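I have placed the structure first, in the form of structure tokens, so that the comments after it can refer back to it.
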Amino acid sequence: MLLEVRDLRVEFQTRDGVARAVDGVGYAVDAGETLAVLGESGSGKSVTAQAVMGILDTPPGRITGGRVLFQGRDLLTLKESERRRIRGAAMAMIFQDALSALNPVLTVGDQLGEMFVVHRGMSHRDARARAVELMERVRIPAAAQRVRDYPHQFSGGMRQRIMIAMALALRPALVIADEPTTALDVTVQAQVMDLLAELRREYRMGLILITHDLGVVADVADRIAVMYAGRIVESAPVHDLYRAPAHPYTRGLLDSVPRLDRRGRELNAIKGLPPNPLRVPPGCSFHPRCPMAQDVCRTDEPPLYEVPGGRGSACHFWRECLRG
Ligand SMILES: Nc1ncnc2c1ncn2[C@@H]1O[C@H](COP(=O)(O)OP(=O)(O)O)[C@@H](O)[C@H]1O
Ligand SMILES: [Mg+2]
């Protein structure tokens, strides 16, 4: 396994108390595989990724438990200097907002080239040539000229391509893309997602694709991990999950996606809001919003039950849910 996260816990000390932003998360990604991490805003997707990448702000954040096994080593036990060497070269991250992730005062050529100068000891001339190649690879028109431009001179979609190029420059084994297309127009979203999927195949890298948009993941992901209130509530191969969700939250998410075969039907967005992390409900944290909730759900926290087919569900009633 390329990456295995086990029972990861992250807390934030706030004025009003301790927020358990990540509360025992586990997931795994193999080489060449795409894992989609899905969930509403605030469910802990980004904080989990930041802990995996080693870029969590501590304080206010604190990792209070778990393991992050990457290529067999527990990253949480490494020195910061070792983690820095892994970051960028062996694992890289793509962020939602390229404009704030890229350096505004450096040309994109200098930023791309720097990867090769710093990590590969290349000359500036060779690094520049590699930067142009990369820009061509992510299909930026007139790359040889545009390599001298600054980030703000590109459209949002082109900037996102540049960030993908930066992330993939050193051919990392693992890429984490955190809502990589959320800020883009719908048509541009699809192009950028296609490019990412194509490069993922070509480089055989593991990809963690974080999104709140179930519509984005169907075509590109192998597995899905659904997060709610800092936990994984369902994990399954993507097609099995679409066909028959094993958790009412997943069902709610599926019902809120417009689908051609359901045209005319009203969209069923899940009622209510995700819990405040300072006041997560007892029992199953989803129970106040759950149409299937019973007494046991208000008192007993469900473990991640094993569901046939290599799946998992944190619902006491996963069998009933699977039957639909
Ligand atoms: N710097 C911070 N200080 C306090 N709480 C934070 C901080 N960063 C994130 N959180 C909390 O952690 C939880 C998970 O956040 P996040 O991982 O960003 O959610 P997602 O990416 O799923 O939208 C949220 O409830 C958020 O309020
Ligand atoms: Mg996020």
Consider residue 47 carefully, then state whether it is more than 22 Å from residue 226 (Cα to Cα), touching a residue at least 24 places away in the same chain (Cβ under 8 Å) and either out of contact with any helix residue (DSSP H, G or I) (no Cβ under 8 Å at 6 or more places or on another chain) or within 16 Å of ligand 2 (Cβ to nearest atom) (or both). no
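Could you count how many residues in segment 88-118 are part of a helix (DSSP H, G or I) and within 16 Å of ligand 2 (Cβ to nearest atom)? First the steps, then the outcome.
Initial filter on segment 88-118 (part of a helix (DSSP H, G or I)): 98-101, 108-118.
Imposing the further condition that a residue be within 16 Å of ligand 2 (Cβ to nearest atom) reduces the set to 98, 100-101.
The total comes to 3.
Just for helices (runs of 4 or more DSSP H) wholly inside segment 119-209: which have at least 2 residues that are more than 16 Å from ligand 2 (Cβ to nearest atom), within 19 Å of residue 102 (Cβ to Cβ) and within 24 Å of the chain's Cα centre (by Cα)?
Fully inside segment 119-209 and qualifying: 124-137, 156-168, 186-203.
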Verdict on residue 245 being assigned to a loop (DSSP other than H, G, I, E, B), under 14 Å from residue 318 (Cα atoms), out of contact with any Asp or Glu (no Cβ under 8 Å at 6 or more places or on another chain) and at pLDDT 90 or above: no
Filtering segment 63-85 down to residues that are loosely packed, with under 14 Cβ neighbours inside 10 Å and closer than 17 Å to residue 10 by Cβ yields 64, 74, 77
Could you give every pair whose Cβ atoms fall below 7 Å, whose first residue belongs to segment 192-209 and is within 18 Å of residue 37 (Cα to Cα), and whose second residue is assigned to a helix (DSSP H, G or I) and hydrophobic (A, V, I, L, M, F, W, C), counting only separations of at least 6 or pairs across chains? 193/216; 196/164; 208/49; 209/217
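Does residue 75 fit the bill of being in contact with a helix residue (DSSP H, G or I) (Cβ under 9 Å, 6 or more places away or on another chain), of a type outside the set (Gly, Ala, Ser) and within 16 Å of ligand 2 (Cβ to nearest atom)?
No.
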Taking only segment 273-316 into account, find how many residues are surrounded by fewer than 21 Cβ atoms within 10 Å (Cβ to Cβ) and among the aromatic types (Phe, Trp, Tyr). 1
May I ask you to list the residues in segment 24-43 that are closer than 21 Å to residue 179 by Cβ and either within 16 Å of ligand 2 (Cβ to nearest atom) or more than 14 Å from the chain's Cα centre (by Cα) (or both)? 25, 27, 35, 36, 37, 38, 39, 40, 41, 42, 43
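The values are calculated or read from the model by the stated rules, or taken from the named source; none is laboratory data. Note that the structure is predicted; figures quoted are calculated from it, not measured. Virtual Cβ from ideal backbone geometry, glycine too; neighbours counted across all protein chains shown.
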